[in-house]
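A.B. asks: Handing you a structure now.
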Amino acid sequence: MVDAARAARLADRIKVIVAQALERRIKDPRLGFVTITDARVTNDLQHATLYYTVYGDETQRAETAQALESAKGVLRSEVGKNITARLTPTLTFVADEIPADAARLEELLRAAREKDEQVAAQAAGASYAAGEDAYRTPEDDADDNDIDSDAPRS
């Protein structure tokens, strides 16, 4: 079993090797503007998962996925030439959903900001229902003690 630190170092190295090979070596016209965002290697160094993003619409993403799948053998041989592990890990490409999730999160934050502005605008001219200080104070407690406890309260 290999330690996790070595697997992390190997994952970083594989990420760089694959990114450079995509830039220089792979000439597939289906390959869009792709960025390798992350790589993870199992602790036994047998399998590498590479996460990527593609700039463009859904058809470009699908074509890039096909291009990466067809170039997997060339990329794996590039990785094998440039690492010092006994075995070359298998490569799996996974589309990274972080940009889409980030856009959705930005939209939710924008909607929350708008709601906060609406609440602040409504609160600007509002007054308290029970006066400015609706809580009991020590003076109120002192006033309650002065009242005859046998007399009914009104």
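A.B. asks: Taking region 20-53 as the search range and keeping residues that are small (Gly, Ala, Ser) and either at pLDDT below 90 or more than 24 Å from the chain's Cα centre (by Cα) (or both), which one is nearest to Thr90 (Cα to Cα)?
C.D. replies: Ranking the qualifying residues of region 20-53, first place goes to Ala21.
A.B. asks: Same structure again: Tell me yes or no: at least one residue of region 61-73 is farther than 14 Å from Ala19 by Cα, open to solvent by 60 Å² or more (accessible area, probe 1.4 Å) and touching a Gly at 6+ places or on another chain (Cβ under 9 Å).
C.D. replies: yes
A.B. asks: While we're looking at this one, here's another question. Taking the condition touching a residue at least 60 places away in the same chain (Cβ under 8 Å) and either closer than 18 Å to Val16 by Cβ or touching a strand residue (DSSP E or B) at 6+ places or on another chain (Cβ under 6 Å) (or both), does Thr37 pass?
C.D. replies: So Thr37 passes the test.
A.B. asks: Next up: Is it true that Arg13 is of a type in the set (Lys, Arg) and free of Cβ contacts under 8 Å to residues at least 12 places away in the same chain?
C.D. replies: Numbers: of a type in the set (Lys, Arg): yes; free of Cβ contacts under 8 Å to residues at least 12 places away in the same chain: no.
No: the conditions fail for Arg13.
Conditions tested, residue by residue: (1) at pLDDT 70 or above; (2) open to solvent by less than 100 Å² (accessible area, probe 1.4 Å).
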{"position": "Val94", "(1), (2)": "yes, yes"}
{"position": "Ile98", "(1), (2)": "yes, no"}
{"position": "Glu107", "(1), (2)": "yes, yes"}
{"position": "Arg110", "(1), (2)": "yes, yes"}
{"position": "Asp116", "(1), (2)": "yes, no"}
{"position": "Ala126", "(1), (2)": "yes, yes"}
{"position": "Asp144", "(1), (2)": "no, yes"}
{"position": "Ala151", "(1), (2)": "no, yes"}
{"position": "Ser154", "(1), (2)": "no, no"}
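A.B. asks: Which condition from (1) more than 19 Å from Glu97 (Cβ to Cβ); (2) open to solvent by less than 80 Å² (accessible area, probe 1.4 Å); (3) at pLDDT below 90 is the one that Leu10 breaks?
C.D. replies: Here Leu10 meets the rest and fails (3).
The values are calculated or read from the model by the stated rules, or taken from the named source; none is laboratory data. These numbers come from a predicted model, not from an experiment. With ideal geometry, Cβ positions are generated from the backbone for all residues, glycine too; neighbour counts draw on all protein chains shown. The area values use the complete protein model at the heavy-atom level, side chains included, leaving out ligands, DNA and RNA. Shrake-Rupley method; radii C 1.70, N 1.55, O 1.52, S 1.80 Å.
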